[in-house]
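Below is one structure, written out as structure tokens; the observations come after it.
The values are calculated or read from the model by the stated rules, or taken from the named source; none is laboratory data. On a predicted model such as this, the values are computed, not experimentally measured, just so you know. Here Cβ is always computed from backbone atoms with ideal geometry, including for glycine, and neighbour counts include all displayed protein chains.
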Amino acid sequence: MLRILVIACFIILQPYVWAVEPDFAAERRALMVEISALAKETRSETGQGVISAQVMEAMGRVPRHIFVPPEVRHHAYRNRPLPIGYSQTISQPFLVAYMTELLQVNKDSKVLEVGAGSGYQAAILGELVKEVYTIEIIKPLAERASETLKSNGYINVQVQVGDGYYGWKKHAPFDAIIVTAAASHVPPPLIQQLKRGGRMLIPLGSSFMPQHLVLVEKDMQDRVRTRELLPVQFVPLTGGH
């Protein structure tokens, strides 16, 4: 059985250029090799033996170390979740790549993320799609994520402080929705805000019960299908619901 433990907590005019510290370059390359190898090794469990070149290139461009606190920056390119404060974490790079791949987005897509955290997943999506809308219920994290994203050129990512259970109706419908916190059920507002033909990824379960990453698909007749993909462990989705 695949053993992935994740405690997760988001029109590009030109490629982003980063001033990456030289001592991180080799680690970043090694992480990309590890993600590609792990995708092949876990194909029977994930059903996804290859991460596309577009997603891998986005993973390679985004400097994960700027999305983690200075005290854990030396671990930024390890394939593991890291603490970002407020009992939240930045997700495991392999799972970020895997979930991004499964969304099947393109340069014209509009994506909603529930659980911005430090902004890392939103940055990956920002490399690939037209618009990203990401919601974070913890205000200091949302403000930090927004500042990091804006200061590094992600003008196509908007961050909002709020309860992600209710989505972001103003900008709906979305081509894809990604939820990075575990819920007991798929929130009805998110289903409503998912475009026909769209995909949603959400971990279902609780902190004390098994969780599974679930793929939600809405067809052109508004029929919804769900499929369990793999076991995961995320922090719970919080809010007034």
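Quick notes on this structure:
- For the range 206-217, filtering for residues that are part of a loop (DSSP other than H, G, I, E, B) and closer than 17 Å to E45 by Cβ leaves 1.
- Residue check for R28: assigned to a helix (DSSP H, G or I) and either more than 22 Å from L103 (Cα to Cα) or charged (D, E, K, R) (or both): yes
- Output for the range 36-75, where each listed residue is surrounded by 15 or more Cβ atoms within 10 Å (Cβ to Cβ) and closer than 17 Å to V232 by Cα: L38, A39, T42, T46, Q48
- Test: T89 is modelled with pLDDT under 95, touching a strand residue (DSSP E or B) at 6+ places or on another chain (Cβ under 6 Å) and closer than 23 Å to L141 by Cα: yes
- If you go through the range 181-212 and pick out every residue that is of a type in the set (G, A, S) and modelled with pLDDT of 95 or more, you end up with 2.
- Residue match in the range 233-241 (condition: of a type outside the set (D, E, K, R), closer than 17 Å to V96 by Cα and not in a loop (DSSP other than H, G, I, E, B)): no
- Qualifying positions in the range 184-197 - touching a Leu at 6+ places or on another chain (Cβ under 9 Å) and surrounded by fewer than 23 Cβ atoms within 10 Å (Cβ to Cβ): S184, H185, V186, Q193
- Which numbered condition R78 misses (of (1) exposed (fewer than 15 other Cβ atoms within 10 Å of the Cβ); (2) modelled with pLDDT of 95 or more): (1)
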